[in-house]
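**Student:** Handing you this structure, nothing more for now.
The values are calculated or read from the model by the stated rules, or taken from the named source; none is laboratory data. For clarity, every value in this text was computed on a predicted model and none was experimentally measured. All Cβ positions, even for glycine, are placed from backbone atoms using ideal geometry, and neighbour counts span all protein chains on display. For the accessible areas, the whole protein counts, side chains as well, though only heavy atoms, and no ligand, DNA or RNA atoms are used. Shrake-Rupley method; radii C 1.70, N 1.55, O 1.52, S 1.80 Å.
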Amino acid sequence: MDVKKIVAQMTLEEKAGLCSGKDSWHLKSVERLGIPAVMVSDGPHGLRKQDIGRGDHVGMNDSIVAVCYPTAAGLASSFDRELLTRVGETLGEECQAENVSVILGPGANIKRSPLCGRNFEYFSEDPYLSGEMAAAHIRGVQSKHVGTSLKHFCLNNQETRRMAVDARVDERTMREIYLASFEGAVKGGKPWTVMCSYNKINGIYGSENKKTLTDILRDEWGFDGYTMTDWGAVNDHVQGIIAGLELEMPASGERTDRLVVEAVKNGALDEKILDQAVERILTIVYRYLENRDPKATFDREKHHQIAREIAADTIVLLKNENNLLPLSPEKKIAFIGAYAQKPRFQGSGSSHINASKLLGALEAAAEYAEITYAQGFQDETDTTDPALLKEAVETARAADIAVLFVGLPGTFESEGYDRTHMRLPRCQDELVEAVAAVNPNTVVVLHNGSPVEMPWADRVSAILEAYLGGQAVGGGEADVLFGKVNPSAKLAETFPYQLEDNPSFLNFPGDGDVVEYKEGIYVGYRYYDKKKMPVRFPFGFGLSYTTFAYTNLKLSKNHLQQGETLAVSVDITNTGNIKGKEIVQLYVQSTHEGISRPAKELKGFEKVALEPGETKTVRFELTPRAFAYYEVKLNDWYVEGGSYDILIGASSQDIRLKESLEIAAGTPIPFEVTADTLIKDLIQLPGANEILDDLIREVEKRFQSADEEGGLGDAGSEMLKNIIIGMPLHGVRSWTDDTLTEERLQRIIQTFNQQK
């Protein structure tokens, strides 16, 4: 379709109209030109298509019956690109069947704090993992000729005051952590649309931020779809269009359409910019329409079974003392807790799915064994019910193994507000403690969208993190508990011992309408590992019913020139007795003196399936970006020359193998030498010895004279050396008997700056 030709036929009013919604879920049509009103729908872990005429953008009304898949928190724990693509494909099939052009999601915001009420919708605390998972999800959906809307771009890391808060972050942190997650998704997934966030980004609303919407998203990353607002995120629609924001959602009652028309007429908005916005929207509209399958259908029951398989692959085995799991059907097994019968399986808010069915673990476990059951607690309350607690304890005492199903109620974590603490409801913590006291074989299964404190962790035998596992979560739990599925997921986020350990604790959610990201690049494991701080469960951690050996780490080179790619291989062997999957993680560690860096950073991962005794070689390819940090002086990524370690591990704190390499020095970072430049920085520059030799000798002579009688102690010489190189150039004047005149000082500065 020639969209330029169509736009040339449109009136100014029609063009302005296409840049805002028709209603809550449709784009406007232009009937005289044959442009239909296509539909977008909420996601991202299921199709939340609202009934025509009853739709609303806050999710108060029911949506159509759909299949609810595990949320992003669990999906990311799979570390499985193929699994994420499979989820996307099923969603794409459902969108085609329901005539939905774009499904909103996935969410690639970084988990800065475990308190963010929407963390269940986001993938990880790590930008590389988040970007890879989002890209795989996007590829899956769009393989069915349905668009995605990558969200919420960007720095939307809290729900508190989300429509007004100004997220203030330095450039390096923004690039390495918060933008990098979206960068990986855009470059690797090529989403059809991107959704801006509500918040301000360093003082400018996301809906009118030219730096993020145009300079970075389009000019740097090559995004070629259309951008849209989060629902109600417009501040100034005209300024938004100028900045690179194409579509305002939902409908604005044509108020902002009139503002756009007026802006073009009075010269505030160049009509060519408006034309460009309309062309971008129509390009995506017709990409969907030209690939629309009017006969598309899907098998809802089949997709439910897929949801069960996916749920099992997202469950993380966190503890398994004495190999208590998998459960033997010969044992007397008790399931305790309300979530065994009616699990919490999804989050609250705009992603809430009207699930086609719900399978709890109690029902699913009937396939494997006879189970006794006790409710244990009332959902949505902190208060312990003494009768329910007594029944639970008696049931646990009579069983060989007690399996507790606990987690966060829906009111504890939701879109629209943040959590205030990391605890489970008091009644559930008391239930776990009471059951563990009477049954040494206690298993805890968690249903939550983000980390929780576990004061009882040392007193139970096994812990499974099921996250919010979708409508078939109980089937996935039963399949893992009884060993039909060997657990293979690992945590995509750190579980600290307590909330106060989190690096953002002192600066979340900010003061008034300002939140400062003072922890910088030290988010998640980057902080905990740098501080060598103990955590409950580290990033990348997860157990299996089998064991794996790591051997034969090889690098293609031990010396890299700038710009070269490194190939890495490692052998993984299943040393146990059953088939299993291992997530092999590659971290890069800078070991030379240079700019402040995390102790290690994830730069590669692969999931490998192995039969008992089988060995496979896992391969990685590291581009220069894997070794780079963002250098603000260059406004670009920069690889420092020096030594690096390649670390291969089973988690961020379980490194199995290490090999070292050297990277040759690159072009020095340019900087202007001034009188304030330190000697230690000057001596790193080419020709420094010749330029500074006489001056430094004069200073050394003066210091040696002062220390002729050893008055500076045993460390005198080392101290003097560090005092000298720690001086700014102008500070040398005090130690040269006035020989460093202003003329000589300026000559030295000029010599350095001329030779760079």
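**Student:** What is the log10 of I(q)/I(0) for the stretch 142-261, computed with the Debye formula using one identical point scatterer on each Cα and no solvent, at q = 0.13, 0.17 Å⁻¹?
**Tutor:** The Cα Debye sum returns log10 ratios of -0.48, -0.82.
**Student:** Specify the inter-centroid distance of the stretch 585-648 and the stretch 400-448, based on alpha-carbon positions, in whole Å.
**Tutor:** Centre-to-centre distance over Cα atoms comes out at 36 Å.
**Student:** With r as the distance between the Cβ atoms of residue 565 and residue 660 and R0 = 22 Å, compute the FRET efficiency 1/(1 + (r/R0)^6) and round to 0.05.
**Tutor:** Details: r = 17 Å, r/R0 = 0.79.
For residue 660 and residue 565, the calculated efficiency is 0.80.
**Student:** With a 1.4 Å probe and every protein chain left in place, work out the accessible area per residue of the stretch 368-501 in Å², rounded to a whole number. Present the calculation step by step, with values, prior to reporting the outcome.
**Tutor:** On the way: 4200 Å² over 134 residues.
Here the per-residue accessible area is 31 Å².
**Student:** Can you give me the accessible area per residue for the stretch 564-688, using a 1.4 Å probe, in Å²? List each step's numbers first, then the result.
**Tutor:** Values: 5480 Å² over 125 residues.
Per-residue value: 44 Å².
**Student:** Continuing with the same structure: Report the full-extension gain for the segment residue 391 to residue 275: residue separation times 0.36 nm, less the Cα-Cα distance, to one decimal in nm.
**Tutor:** Details: separation 116, 0.36 × 116 = 41.76 nm, distance 6.83 nm.
Length gained between residue 391 and residue 275: 34.9 nm.
**Student:** By its C-alpha gyration tensor, with a ≥ b ≥ c as the square roots of the eigenvalues, how is the stretch 44-189 shaped: rounded for a/c under 1.5, else prolate for a/b larger than b/c, else oblate? Could you put the intermediate results ahead of the total?
**Tutor:** Values: a/c = 1.99, a/b = 1.32, b/c = 1.51.
Oblate.
**Student:** Also, I was wondering about something else. Return the long-range amide H neighbours of residue 319 (sequence gap of 5 or more, or a different chain), with a cut-off of under 5 Å between placed amide H atoms.
**Tutor:** Counting only residues 5 or more places away or on other chains, the set is 463.
**Student:** Please compute the contact order of the stretch 463-621 in relative form: average sequence separation of alpha-carbon pairs under 8 Å and at least six residues apart, divided by the residue count, as a percent. If you can, show how the numbers build up before the last one.
**Tutor:** Working: 248 pairs, mean separation 34.2, N = 159.
In percent, rounded to a whole number, it is 22.
**Student:** Would you please state which residues of the stretch 519-547 a label at residue 506 would reach in this model, taking the label point 7 Å out along Cα→Cβ and a backbone N cut-off of under 13 Å?
**Tutor:** Hits in the stretch 519-547 for residue 506 at 13 Å: 519-520.
**Student:** Between the stretch 678-695 and the stretch 121-147, how many Å separate their Cα centres?
**Tutor:** Cα centroid to Cα centroid, the span is 50 Å.
**Student:** Would you calculate, for the chain, the mean residue ellipticity at 222 nm contributed by helices, counting each DSSP H stretch of 4 or more residues as -39,500 (n - 2.57) and dividing by all residues, to the nearest 500?
**Tutor:** Working: 20 runs with 210 residues, N = 756.
Per the formula, -8500 deg cm²/dmol.
**Student:** Same structure, new question: If you rank 163, 1, 10 by how much accessible surface each has, with a 1.4 Å probe, what is the order from largest down?
**Tutor:** Numbers: 163 100, 1 130, 10 15 Å².
Listed by decreasing accessible area, they come as 1, 163, 10.
**Student:** Carbon and sulfur atoms: what percent of the 1.4 Å accessible area of the stretch 549-677 do they account for? If you can, show how the numbers build up before the last one.
**Tutor:** Details: 2640 of 5860 Å².
The C+S portion of the solvent-accessible surface of the stretch 549-677 is 45 percent.
**Student:** Counting only protein heavy atoms and using a 1.4 Å probe, what share of the accessible area of the stretch 275-357 belongs to carbon plus sulfur, as a whole percent?
**Tutor:** Here carbon and sulfur together make up 42 percent of the probe-accessible area.
**Student:** Additional query: Highest mean first, what order results for 369-379, 151-161, 447-457, 722-732 on Cβ atoms within 10 Å?
**Tutor:** 151-161, 447-457, 369-379, 722-732
**Student:** Going by amide H atoms built from the backbone, whose H comes under 5 Å of the H on residue 204, apart from near neighbours?
**Tutor:** The list, which skips near neighbours in sequence, is empty: none.
**Student:** Hey, can you rank 25-31, 683-689 by average C-beta count inside 10 Å, highest first? Mind dumping the intermediate values first?
**Tutor:** Working: 25-31: 19.7, 683-689: 12.3.
By packing density, highest mean first, the sequence is 25-31, 683-689.
**Student:** Given a cut-off of 18 Å, name the pairs among 302/357; 22/49; 111/342; 15/144; 187/633; 144/357 whose C-alpha atoms lie farther apart than that in the structure shown.
**Tutor:** In this structure, 111/342; 15/144; 187/633; 144/357 exceed 18 Å between Cα atoms.
**Student:** Roughly speaking, what is the centre-to-centre gap between the stretch 238-270 and the stretch 519-548 when only Cα atoms are used, to the nearest Å?
**Tutor:** Centre-to-centre (Cα) distance: 46 Å.
**Student:** Suppose accessible area is computed on protein heavy atoms with a 1.4 Å probe; arrange 401, 696 from highest to lowest.
**Tutor:** Numbers: 401 10, 696 45 Å².
I get 696, 401, largest accessible area first.
**Student:** Does the stretch 458-612 come out rounded, prolate or oblate by the C-alpha gyration tensor, with a ≥ b ≥ c the root eigenvalues, rounded set by a/c under 1.5 and, if not, prolate when a/b is larger than b/c and oblate if not?
**Tutor:** Cα axes put the stretch 458-612 in the oblate bin.
**Student:** Each label point is 7 Å from the Cα along the Cα-to-Cβ direction; what then is the distance between the points at residue 697 and residue 426, in nm?
**Tutor:** 7.8
**Student:** Could you work out the relative contact order of the stretch 570-610? I mean the mean sequence separation of Cα pairs under 8 Å and 6+ apart, divided by the number of residues, in percent. Please list the in-between numbers first.
**Tutor:** Numbers: 47 pairs, mean separation 20.1, N = 41.
Rounded, it is 49 percent for the stretch 570-610.
**Student:** Further question: If packing is taken as the mean number of other Cβ atoms within 10 Å per residue, what is the order of 219-231, 341-353, highest first? Provide the component values of the computation, followed by the final result.
**Tutor:** Values: 219-231: 20.5, 341-353: 22.7.
My ranking of the peptides, most packed first, is 341-353, 219-231.
**Student:** What relative contact order, as a whole-number percentage, does the chain give when Cα pairs under 8 Å and 6 or more residues apart are counted? Can you show the working numbers first?
**Tutor:** On the way: 1759 pairs, mean separation 96.0, N = 756.
The value is 13 percent.
**Student:** In whole Hz, with x marking every Gly and Pro, tabulate ³J(HN,Hα) for the stretch 393-406 from phi via Karplus 6.51 cos²θ - 1.76 cosθ + 1.60, θ = phi - 60°.
**Tutor:** Once rounded to whole Hz, the list reads 5, 5, 5, 5, 5, 7, 9, 6, 9, 10, 10, 9, 10, 10.
**Student:** Then there is this: Between residue 484 and residue 357, what's the calculated FRET efficiency when r is the beta-carbon distance and R0 is 25 Å? Round to 0.05. Walk me through the intermediate numbers first.
**Tutor:** Working: r = 20 Å, r/R0 = 0.80.
E(calc), rounded to 0.05, equals 0.80.
**Student:** Given a Förster distance of 30 angstrom, what is the FRET efficiency for residue 305 paired with residue 331, based on the Cβ-Cβ distance and rounded to 0.05?
**Tutor:** Working: r = 28 Å, r/R0 = 0.92.
Computed FRET efficiency for residue 305 and residue 331 comes out at 0.65.
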